[in-house]
Every structure is written in structure tokens, then in C-alpha cells.
1. Can you name every residue in region B:15-45 that is surrounded by 12 or more Cβ atoms within 10 Å (Cβ to Cβ) and assigned to a helix (DSSP H, G or I)?
2. List every residue pair whose Cβ atoms sit under 7 Å apart, with the two residues 6 or more apart in sequence or on different chains, where the first one lies in region A:19-37 and is farther than 9 Å from residue B:208 by Cβ and the second, anywhere, is among the hydroxyl-bearing types (Ser, Thr, Tyr) and part of a helix (DSSP H, G or I).
3. Residues being surrounded by fewer than 20 Cβ atoms within 10 Å (Cβ to Cβ) and closer than 21 Å to residue B:213 by Cα: count how many of those fall in region A:176-190.
4. Among strands (runs of 3 or more DSSP E) lying entirely in region B:89-198, which contain 3 or more residues that are closer than 24 Å to residue B:54 by Cα?
5. Here are some residues: B:125, B:174, B:147. Which one is of a type in the set (S, T, N, Q), within 13 Å of another protein chain (Cβ to nearest Cβ) and touching a Gly at 6+ places or on another chain (Cβ under 9 Å)?
6. Looking for whichever is within 11 Å of chain B (Cβ to nearest Cβ), farther than 30 Å from residue A:372 by Cβ and not in a strand (DSSP E or B) here; the options are A:155, A:184. Which one fits?
7. Among helices (runs of 4 or more DSSP H) lying entirely in region A:334-424, which contain 1 or more residues that are at pLDDT 95 or above, β-branched (Val, Ile, Thr) and on the phi < 0 side of the Ramachandran plot?
8. For region B:74-94, state whether one or more residues are surrounded by 14 or more Cβ atoms within 10 Å (Cβ to Cβ), within 14 Å of another protein chain (Cβ to nearest Cβ) and in contact with a helix residue (DSSP H, G or I) (Cβ under 9 Å, 6 or more places away or on another chain).
Amino acid sequence: MEMKTTTFKENARTAIADETLQIELDRLSFGFPEKRKKAVDRMPEFEQLREQARDIKNHVLANLDLYLENYEDRVEKHGGQVHWCRDAKAAREQILKICKAADAKTVTKSKSMIGEEIFINDFLAKNGIEPIETDLGEYIIQLRGEPPSHIIAPAIHVSKAQVEDAFRRVHTDLPADRNLEDPAALLQEARGQLRNKFLQADVGLTGANMLVAETGSNVLVTNEGNADLTYALPRVHIVIASIEKIVPTLEDASTILRVLARSATGQDMSVYTTFCTGPKRFEDPDGPEEYHVILLDNGRTDLLGSEFEEILRCIRCSACLNHCPIYKAIGGHAYGWVYPGPMGAVLTPGLIGMEDASDLPNASTLCGKCESVCPMGIPLPKLLRSWRTRHFEAKPTRSLGQITLKFWAWLAKRPKLYHKVNGLIIATLGALGRRKGRIKWIPFASGWTSKRDFPAPMGNTFIQQYHKGARGDTSGRRLREVKK
Amino acid sequence: MNDSRDEILAKIRTSRSGPYVVRNELGTIEDRLKNHPRNVVPARGDGLPEEQITKFKAEAELVNATVTRVSSNIDIPKEIAKYLADNNLPSRIKHAPSLEHLDWSTTLMEVCHGIGEATDEVCVTTAYAGVAETGTIVTYSDQQNPTTLNFLPPVHIAVLNAVDITGSYEDVWTKLRADLGSKDQSVNFIPRTVNMITGPSRTGDIQQTLLLGIHGPQRLHIVIVDEKTP
């Protein structure tokens, strides 16, 4: 996937003009938040669960080295292998090595954000191994040659008609005159097409919603059951996960599961929650013969101990996306990299560098909705502000905005001059628009006036009126006395 | 590879002296791993066994599963045959080896057992436990219970003993540790695969419309049995 974070503003403009996208985003604005609210209302202990989920992850981050060692030990005791990878390149190469050793032609894949982060699909394809996305949404966008636009609903930007087009284009083995009007027909077709892929795959590649240190298990959460067919059928199961996915125990995993599905889709529990531990046992009739875990750093250790450490609690539920006015206006692609929405705007600069992602932290109104719905209590607005501050401080050249702010600060520190200048501006603006009560154009402010009129000031400034003593003497004393 | 391991661990250790490190309020890792303390467990799954069964049924039905209850093992094959006939489904079933003890000859169904295969139409498996909180069934892989059988066929019928219905996921972990963890080797109690299943397979990926049965089964039918299987 190409990185497009530097053209954020342009991406956003294109997204706002895209009518199909806007219809689908409208649907999202009503769907997920409403369902989440219903699920939360049905769980009186939700707030306590959130606090504990946060504490669990904080505890893990404080002991991450010890937990990782314990996790690795458990995986190995159960016959699995752990491969530590510093960056995306190392992870890709390790995966390829395992696939080659398994003589793999095809790899089925269940949805993984880490898979996106290391661009594993392109890499495998370039090396002659066919990667097949099996989550329906991921399958649709793979056919369309697109990256996901939402963490848990990757094809949220695609209309039903577009799905139909993609299926007709790719599934050429089926009769051309078949009826795909009904969404259920599309579902049956996808089920049929992917069934054989599941059965033929040599390697199954999954992500991990969590890694359990106590047992050495990886947790997989899906609604479709695609992850289960991905790990259970092929000869080799590869798990790709980043280091902060650790949770201590099965009990801790259970607590996080309770906030995960509710925050994500508004379900009490996702349909399939699976704990995989090592390869198949001696007496097992099915299951993979090899079990590998790719444990990826890729910038996480740089965030540890920094002011952005708290983003490492994120469990990728998407609640912050679903409630963000910016995400709901522009969708996920506009953010330009793997992680969209408020969590992406915090994580992306941390992983790819602030220089390439400096627009993202500004893509927020700081309304605070994201923090209020985050199941892990991540203070997203605070972290967004921290990035803004860092970016401002690191700016090599002075921008127009900075110079203007400096000038304003200089002016504001001189009250007499400030009031004079202010009075002058108000008088001018008032004179310009007094007749209609609005102004159509102001120099240097076309960013505002090109979209909407600016309301004309209706007289003097507040201070001028105050000093005129409209409701008190010039010192304002009477006002205060009357109040008494 | 070992270099990467050491580098990552070293970097984590250095980072812990940073000015922004989060506060740990949960004690030591030794304590947590050894005692695996429970966090808040929602009251929703609490109750007397009969209340938990009612709750389980209600929650499972909310997520599009169907639930029936029979009094003894003899009734299981008959109940399954009836369910398949009522819903106009094929009467060929593949059951998990764990259900071989049942007398399948009392019905006209075609019966076989084994691991899941592409041609399977209806599977019958054993549920290790049920969770009242969310109407979830739990299965795990072993010689008698192949994982693939739970996922490949379009119709999944699960046999669940009433006594195995618990309140919460935590209750299942406790039961699993007690059943499978030998005293000296309790770290290795976990089976290769533990599956929690809450309703039939679903997706919202086409136009955010709920559709059942994309990759996993389209139907999940749970048969609760009052008599404990030996």
C-alpha cells in the first residue's frame, strides 16, 4: 500500500466530493454508535470493566519484557515458535521463509492490521505466493485493489452495486446472467468461492486480538468464522502480532473481550472467539502441524516511555472512528496509511514519523467523543494535542500562521493599541456589511467566506460599549453595585 | 533472530525509566500469572442453575441460535432428526467421535463421524460448557472433538449438558483448569484450540446489512440435555 499521509488535505477534499462514500458513511454514523450505546446500556458494569481493562494494559506495559518472555516460554513449551522482528522488513522475510519451507502456493489470511502495516500481501504476491483475504470485507477490497478504510468494517466505503461489479469481474467461472440483486446472493457466491481456497491453502495467516502470557495462546475474534477456517485447515499456522498485544491471563483476556465487541459492533460478544495454543497435539485429529508467531516491534518500543505510550493500550475496536465527526466526513482512505480515525492520527505519526504525518493530528475537532467511548480510556485528544505541539515546535521555517499568531500575541500584550486596532477592524467590517448583516468576502479569509458568509458586527466592540456606559458609568462600577 | 529478541527486550527495559510511564496498579507479574485473579464479573450470568439455563437460552436466541431441551441422552438423536425435518434440512449428519456412545439407530438419519470435510452438511458436536452471560458455547479440541467440524458444515448442532451451563467465561476457565490441569504441570492445561461460539456466523460487510452464514455455519442449534453424559 502506498503511503498517502502527506496529501491528507487533498485526500479529504476528494473524499467529501465522493457521493457513494458519503452515502455509506452516513449509514455508519447511525449504525455503530447506536448499537454500541444499546450494548453498553445493557451492561451495568461497563464502566468498571473499562477501568479494569485500562489497568490491565497499563500493568502489561509496565512489565512488558517479563510478560513477553513468559509468553515466549509458553508458546515453545506447547511446540510453537516465536520469531522476534524489529521492523516490517524482518517480519516479511520471516513469513516468506516459513512459507517457502512449507512449499506454499497459496496463503489464506484472516483480517490483520499488522498484515496491512507490513504490506504482506504485495510482498507474498511478488514472491510467487498467492495471498487470499477471507474476511468478506477484506476479500471485496482485495478484488478492488484497495486498502481497508475501517478497522473492523474494511469495505465500509463500498456500495452493494460495487461489490456486484467486482464479483462479476473476477468470478468468471459463474454464469454471466446470474442474479446478484439480493445481498444474500452475494454472500452465497463469496462463501462458495472462498470455500475451495480455504481447503487448498498451504499456510494460514492470522493476526491476534490478544496474546495470553499465562498460556502462550493467541486470541482470534471474528463474526464470520473465517479465522477458524484459516488456522484449522492448512498445514502451517502463522500468527502475526505486535508486542503490545500481550495480556496476562485468560481472566484478563475475558475482561477485555467484554469491552471489545460492545465498543466495536455493539455485540455483547463476537460470534467466534478462539484461543490457539501451539500446533496440533499428538492425539488431535485435525489442526495445523506447525505454529509460528511473528512478534513485531516496528516502532512500538519507541512509543514506550514516551508521552504517547498510552496509545499502546489500543485494542483496535474502532469506537473512536465510529464516533469521530472527521472520520464520518472523510472515511478511512483519506488518512493515507493503515490506521484511520483518532487512534490512527495518534499512532501513525508515532510509527512512520511526524514529518510524513503532520496533518493527521490536526484532523480533529478535539470534541472529545473518541476519548469518551474508548474502552481502554486512551486520552486521544490529549495525545493529538501533544503531536500538534511537537509539530509546531519542530517546524523548521516560520509559516504564515505562526507569524500571524506572533503578531497577535505582540498586539494582545498592548491593551490600548489592541482595543484601537480591534475597534478599527470592527468599524470597517461593520461599515462593509451593515446593510445586509453579512459579508461575502474578507481579504485573507476566503477559507471562510468561500463557503459561508461572515456575520457583520452590529456596532462597536464590547469594550467600546462598556466604556460608553450604556448600562453603567465609565468604570462599570454601577453595574456591579446594582447586582448586589 | 536472537539479536532482534535481545534488542527489543533491551529497548523495553530502557524505556521503563522514561518520564511518561503509565502507573501499574495491579502488582507483580508472578502474582498475576500464578493466581490469575478475576476482575469484575458481570452479575448478568449469576443465579441458580435453572435461572442460568433460562438466561443462557434467552441470550443464545438473541444472537440467532435456536435452543431446545431434552431430558436424557436417548432423546438426543430423535430431537436432532426432528429439528432437521422441521427445517427441511438434509438428514445426513456427521458427529464428533465424542458422541459415539449415543444410540443413533433410533432414527432414519444417515450417520457418520470424523473431522470436518467440504461435503459435510450437518455436524453434531459436544459443547464443553455454556455461558449464561452471553449464550455462548465453549468447545475445545482433542481426540474426540475435531475443531474443523464446528466450522465447515452449514448446519451446526451442539449438544450441551445442563450441568455444564455456567455464569461467566471465568467459570469456564476455572472448570478447564480443574479438569485438565494436572497438579504439577498446570501450565500446560490449555488444549490446542478453545472455541467460544456465540450464535451462527454473520457478516455486515455488504452495505452494513446483517447476513448469516458467511464462512461458518448459517444455523446453530443447541440441544440442552438434563441427564449428564457419562
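The values are calculated or read from the model by the stated rules, or taken from the named source; none is laboratory data. Computed from a predicted model, the values in this text were never measured in an experiment. Positions of Cβ are generated from backbone atoms using ideal geometry, with glycine treated the same way; all protein chains shown enter the neighbour counts.
1. Correct list: B:15, B:29, B:31, B:32, B:33, B:34, B:43, B:44, B:45.
2. Taking only residues 6 or more apart or on different chains, the pairs are A:36/A:263.
3. So in region A:176-190, the residues surrounded by fewer than 20 Cβ atoms within 10 Å (Cβ to Cβ) come out as A:176-185, A:188-189.
Next, from what is left, pick out any that are closer than 21 Å to residue B:213 by Cα: A:178-185, A:188-189.
So the count comes out to 10.
4. Numbers: elements: B:92-95, B:110-113, B:122-126, B:129-131, B:136-140, B:155-161, B:193-197.
Per the criteria, B:122-126, B:129-131, B:136-140, B:155-161, B:193-197.
5. Numbers: B:125 fails: touching a Gly at 6+ places or on another chain (Cβ under 9 Å); B:174 fails: touching a Gly at 6+ places or on another chain (Cβ under 9 Å).
The unique qualifying residue is B:147.
6. Working: A:155 fails: farther than 30 Å from residue A:372 by Cβ.
None of the others qualify; the one that does is A:184.
7. Numbers: elements: A:341-352, A:369-373, A:380-394, A:400-412.
Once the helices (runs of 4 or more DSSP H) in region A:334-424 are filtered for at least 1 residues that are at pLDDT 95 or above, β-branched (Val, Ile, Thr) and on the phi < 0 side of the Ramachandran plot, what remains is A:341-352, A:369-373.
8. There is at least one residue in region B:74-94 that is surrounded by 14 or more Cβ atoms within 10 Å (Cβ to Cβ), within 14 Å of another protein chain (Cβ to nearest Cβ) and in contact with a helix residue (DSSP H, G or I) (Cβ under 9 Å, 6 or more places away or on another chain).
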